[in-house]
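This report concerns only the one structure given below.
What follows draws every value from the coordinates through simple rules; no lab data is involved. Computed from a prediction, not measured in an experiment: that's the story for all the values here. Reconstructed Cβ throughout: ideal geometry from the backbone, glycine too, with neighbour counts over all protein chains shown.
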Amino acid sequence: MSKEIIVNVDTRETRVALVESGKLVELSIEREERVVGSIYKCKVANVLAGMDAAFVDIGLERNAFLYVADVLPEMDDEFPSARKEPARQVRIKDVLKVGQELLVQVVKGPRGSKGARVSTRISLPGRYLVLMPDADNLGISRKIESEAERDRLKKVGDSIRPLGFGMIVRTEAEGRSEAELRKDLEFLLRMWSQIQEKSTKISAPGLVHQDLSLIYKTIRDVFSSDVNKMIIDSPVDYEKALELIDLISPRMRSRLVLYEESEPIFERYSIEAEIENLLRRKVWLKSGGHLTIDQTEALTTIDVNTGKFVGSTSLSDTILKTNLDAVVEIARQLRLRDIGGIIVLDFIDMANPKDRQKVVSALEKELRKDRTRTKISHISPLGLIEMTRKRTGETLTELVTEPCPYCQGRGRVQSAETVSLAIERELRRLCSESDEEAFMVTTHPEVAYHLIGSAGEVIDEIEHRLRRAIYVRGNEQMHIEKYDITPGDIQEMDRQMVPWKPGETVECQVVRNPFSVLPRASAWLDGYLI
């Protein structure tokens, strides 16, 4: 399987795409100040005994959340083998006080109305190691499966780990020499020394150490021996990347390539079109089925449908084939959209328990390709799987989109008929409070159709009931939920309604009246339906 990393650098944005066998599987975007992974000197703003948590001021727009478990000097849950003692039962009020200053690291970025989540357990990731000040244990990545290699790395780790530091040996360390690991450790120790020195010189709240750039993290975490090449379209960032490669992995230097073509790099590798598809709810499968992805603040649901796929054998085979196709695409979409938190997968119902197990096994296999930690439950008889994926910040959708200003993020607007009924009620209210003889309603053409009727019968009925003259004018520029009602006298509104003389030739927009039972057209002329 070929692997390529494509890097696009613009003035205000950097995008990194991971492509496997010609298919986009991961996309990272960096726009604003890097928050996750950054280290701050903070001040405790509020201690919440009832939640065993505190809010701390790190200098961002919203205070950050610090849970009691993130105050204790323990190893990360991702590496349970590094733990020697169970978590202590400590209350937040026993360890923190309002006004207290401490050093914290952002583990989850701000999301929606929530502030960042921070921890006092600092971790500094390198290419092969993760250094953890104030810890005292050694952990080995669970992705290293060979027991012999795990034993070797444990011996190396024990021999180089400095006193008073915890250390995690990363997956990329597999097969690396002691000299390579020691060099990585020395780099991390220098970084920690600089962080400590700066923390004594600044006042809280303040930034002590900003996490490294997206390109740096990509080289550190993704640009491994199984990647064929990394292509960058910025000469400046290409040179910086070369310097970094020479420092941490000189053998990979020849795989770093500068893109110099005039065609935009994401267009050249057909990535731009795929990015546009990532914002859609519906994702088509090769078999003809499709996924429907809905993201909310609480959880994400992914529904599997057979769609156009009818199969060629039995119904059960068709369902199994669709579900197995869906597994591959679900795992890909989770990585691409960087979906985290609680995820519910709704597969098509399978009567055969063996078929259900095949789907679970296939999902576990595909999720092993994901660098982000995932955990899945069993599949229910109804085809539901609950799973979690570690969340560190905004999803791709949250990063590149914002709630619709018209529907306030609901994803739906009132129907034209509903708006027309609201207008009718508003007219009734105005008529009860006013002696005006006529009203002009300006609204979206779709709403105007409902107010007028196929042959004007609806507006005639409204006028008869209200004993007023009602004029309706369409405006395509208006949002479908918006309308304007203006009172006036009949003569003036008649002049507005008929600004042309008999026999005059005018150009107009011919449209089909959706309510007309006859095959005839209508037309909009200066906002009026004729």
Could you work out, for region 321-422, what percent of all Cα-Cα pairs fall into each 10 Å distance bin, beginning at 0 Å and stopping at the bin that holds the largest distance?
-> 13, 36, 24, 17, 8, 1
Spatial separation of Cα centroids for region 154-169 and region 218-245, in angstrom = 28 Å
PRE reach from residue 152 (point 7 Å along Cα→Cβ): which of region 159-193 fall under 20 Å by backbone N?
-> 159-161, 168-185
Given the Cα-Cα distance of residue 67 and residue 380 and 0.36 nm per residue of separation, how much length would full extension add, in nm?
-> 109.3 nm
May I ask for log10 I(q)/I(0) of region 276-338 at q = 0.12, 0.13, 0.19 Å⁻¹, from a Debye sum over the Cα atoms as equal point scatterers with solvent left out?
-> -0.30, -0.35, -0.69
For the residue 495, residue 417 Cβ pair and Förster radius 30 Å, calculated FRET efficiency rounded to 0.05 is 0.45
Of the peptides 14-26, 188-200, how do they stack up when ordered by the mean number of other Cβ atoms within 10 Å, highest first?
-> 14-26, 188-200
Whole-percent tail of the Cα-Cα distance distribution for the chain, cut at 33 Å, equals 58 percent
Scale the Cα Rg of region 426-496 by the rule-of-thumb value 2.2 N^0.38 Å and send over the ratio, two decimals.
-> 1.06
How large is log10 I(q)/I(0) at q = 0.17 Å⁻¹ when the Debye formula is applied to the Cα atoms of region 257-382, each weighted equally and without solvent?
-> -0.92
Compute the relative contact order of region 280-398 as a whole-number percentage, counting only Cα pairs closer than 8 Å that sit 6 or more residues apart in sequence.
-> 24 percent
Peptides 147-159, 215-227 ordered by average Cβ neighbours within 10 Å, highest first | 215-227, 147-159
For region 1-75, count the residues as N, evaluate 2.2 N^0.38 Å, and divide the Cα radius of gyration by that value, please.
-> 1.67
Work out the count of Lys pairs in region 280-398 where the Cα-Cα distance is under 22 Å, with the pair 8 or more places apart or on different chains.
-> 20
Report relative contact order for the chain in percent, whole number only (criteria: Cα-Cα under 8 Å, sequence separation at least 6).
-> 10 percent
Once both labels are modelled 7 Å past Cα along the beta-carbon direction, what's the residue 316-residue 13 spacing in nm?
-> 4.9 nm
Zone residues, region 109-131, relative to residue 187, backbone N less than 16 Å from point 7 Å out along Cα-to-Cβ = 124-131
Could the peptides 326-337, 285-296 be put in order, highest first, of the mean number of other beta-carbon atoms found within 10 Å of their residues?
-> 326-337, 285-296
